[in-house]
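Each remark here refers to the structure printed beneath this line.
What follows draws every value from the coordinates through simple rules; no lab data is involved. The structure displayed is predicted, hence computed values, not measured ones. As a convention, Cβ positions derive from the backbone with ideal geometry for all residues, glycine included, and neighbour counts pool all protein chains shown.
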Amino acid sequence: MAKPLWVVVGAVLALLGLLWTLQGFDVVQGSPMSGTTTWSVIGPVVLVAGVVLVVLGVRGRKP
């Protein structure tokens, strides 16, 4: 059985991590976060955490 809450939270985290990564590398501009090394590091970490939550939520529990 899938865990829908984990999938939704993981997807939101993954999208935020992707956005923060792109802002950190100055691909997405127009924000004080753009071009900042901090977000170039935090973004991928959040992205990976989100993907892990999605995978765990989709795999679900074994009966």
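Taking the 0 to 90 degree range and rounding to the nearest ten, how far is the long axis of helix 4-24 tilted relative to the main principal axis of the chain, both from C-alpha atoms?
That works out to roughly 20 degrees.
Kindly put Thr38, Thr21 in sequence by how many other C-beta atoms sit within 10 Å of each C-beta, fewest to most. Display every interim value, and only then the final one.
Working: Thr38 10, Thr21 20.
Ranked by crowding around the Cβ, least crowded first: Thr38, Thr21.
Pairs of alpha-carbon atoms within less than 8 angstrom and 6+ residues apart define the contacts here; what relative contact order does the chain have, in percent? Could the numbers behind the result be given before it?
On the way: 113 pairs, mean separation 30.3, N = 63.
Computed value for the chain: 48 percent relative contact order.
Report the semi-axes of the equivalent ellipsoid for the chain in whole Å, largest first, where each axis is √(5λ) for an eigenvalue λ of the Cα gyration tensor.
Numbers: eigenvalues 169, 16, 7 Å².
Sorted largest first and rounded, they come to 29, 9, 6 Å.
Please report the spacing between the Cα centers of the range 16-33 and the range 35-53 in Å, no decimals.
Taking the Cα centre of the range 35-53 as reference, the centre of the range 16-33 is 10 Å away.
Tell me, what HN-Hα J-couplings in whole Hz come from the Karplus equation 6.51 cos²θ - 1.76 cosθ + 1.60 at θ = phi - 60° for each residue of the range 29-38, using x for Gly and Pro?
Listing the rounded values in order: 10, x, 9, x, 7, 5, x, 9, 4, 3 Hz.
Return the calculated 222 nm mean residue ellipticity for the chain, to the nearest 500 deg cm²/dmol, obtained by summing -39500 (n - 2.57) across DSSP H runs with n ≥ 4 and dividing by the residue count.
On the way: 2 runs with 44 residues, N = 63.
Mean residue ellipticity at 222 nm (helix-derived): -24500 deg cm²/dmol.
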